[in-house]
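Here is the structure we will look at.
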């Protein structure tokens, strides 16, 4: 029996491929975006206590109320803005599920969705599988800044959704206040929904401030924010995140959410709700990761790689154009096999596999791992 694939061009993700290659060749894995240090024992104990206390059955569909209240308090504390815990916040199985559900709830056949490339790889398949059409805006290395005039020309009566991501994975750049004002102006007077992927909101460097869509009245009223506790609290394997949106948007989100996930791990939600009571648990993250970024860059400053320091996330893009003209996928594989260090080539996230001779390295690692990685990088 033959079946026609709904995703005929989609194969195994580059993250899976590079991690598998790293494991096969016993390479230091700076490819996939996960820390190699432990989560806070306090948080783990809080989750364990929730299990021991009996929170082992289904959580409410929208999420445990105490966690939704803690999320609402966080938005008030950070951005002086409110999302109602009853009907404007939903806890999700990670940010990827939130993104997929948003697209599924709103994108119909032939609807257009604008994304910025290099783009995280979960956006486009979700658009395709729901019958939508991806409209791309290519960001250019090394600055990866948005040309908003290009965006204006990409908008048509069929534009349903614009997806933005700040801090940006994979480039490590951030959108400025001026960028958000442009987005606000462009979408004013339209029915376009904005999906703002803000999973690295607490990891912004050099005294810059995260420009959330909720800070801009004209954007907040039309936007979803997706976020990740896994990225924030060093436990990506828990797959717990959340999204926020005005009630009329969230009502539609929940119609899909209840049938593709329904609810998320109850004890983890109870533990996270307790942990969020101390804002320092997320407010200190920028300094924590900037120290790692600065250490990593100081250790490789004499290498042949060129770089502009990451503005946020825990990724650093390195330019290897002075080393070789190899295609970035080939070079990344060769570094893994021959030099025992794994990275992610950015061309796989670009339009037409545009190759800017750059690789992405994850620095959410212990000092020892970063020093070992730097020794290898310096020897290339």
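Only residues in the range 218-231 that are over 18 Å from residue 199 (Cβ atoms) count as the first member; pair them with residues that are at pLDDT 95 or above and in a strand (DSSP E or B), Cβ under 9 angstrom, at least 6 apart or cross-chain, and list the lot. Qualifying pairs under 9 Å: 222/193; 222/194. Looking at 233, 229, 307, just one residue is closer than 19 Å to residue 370 by Cβ, modelled with pLDDT of 95 or more and either touching a helix residue (DSSP H, G or I) at 6+ places or on another chain (Cβ under 9 Å) or outside the structural domain of residue 81 (by TED's automatic domain parsing) (or both), and that residue is 307.
You will find that of 82, 64, the residue that is buried (at least 18 other Cβ atoms within 10 Å of the Cβ), within 21 Å of residue 227 (Cβ to Cβ), in the same structural domain as residue 243 (by TED's automatic domain parsing) and modelled with pLDDT of 95 or more is 64 and no other. Within the range 64-81, the only residue that satisfies the criterion of being out of contact with any helix residue (DSSP H, G or I) (no Cβ under 6 Å at 6 or more places or on another chain) and outside any helix (DSSP H, G or I) is 80. Would you call residue 151 part of a helix (DSSP H, G or I), touching a helix residue (DSSP H, G or I) at 6+ places or on another chain (Cβ under 9 Å) and in the same structural domain as residue 264 (by TED's automatic domain parsing)? Criteria met by residue 151. Determine whether the range 130-150 contains at least one residue that is without any contact (Cβ under 8 Å) to a residue 24 or more places away in the chain, touching a strand residue (DSSP E or B) at 6+ places or on another chain (Cβ under 7 Å) and crowded, with 20+ Cβ neighbours inside 10 Å. No, that holds for no residue.
Among the residues of the range 109-129, the ones that are surrounded by 20 or more Cβ atoms within 10 Å (Cβ to Cβ) and out of contact with any helix residue (DSSP H, G or I) (no Cβ under 9 Å at 6 or more places or on another chain) come to 1 in all. Do you know which of the residues in the range 349-374 that are touching a helix residue (DSSP H, G or I) at 6+ places or on another chain (Cβ under 8 Å) and more than 19 Å from residue 314 (Cα to Cα) is surrounded by the fewest Cβ atoms within 10 Å (Cβ to Cβ)? Filtering first and then ranking leaves 353. The condition of being buried (at least 18 other Cβ atoms within 10 Å of the Cβ) and at positive phi holds for only one of 266, 234, that being 234. Considering the range 8-43, the residues that are in contact (Cβ under 8 Å) with a residue 40 or more places away in the chain and part of a helix (DSSP H, G or I) include one that is surrounded by the fewest Cβ atoms within 10 Å (Cβ to Cβ), namely 42. For residue 199, the requirement of being assigned to a strand (DSSP E or B) and either touching a helix residue (DSSP H, G or I) at 6+ places or on another chain (Cβ under 7 Å) or touching a residue at least 12 places away in the same chain (Cβ under 8 Å) (or both) is not met.
The values are calculated or read from the model by the stated rules, or taken from the named source; none is laboratory data. Worth saying up front: this structure is predicted, and the values here are computed from it rather than measured. Cβ sites come from the backbone with ideal geometry, for glycine too, and all protein chains shown count toward neighbours.
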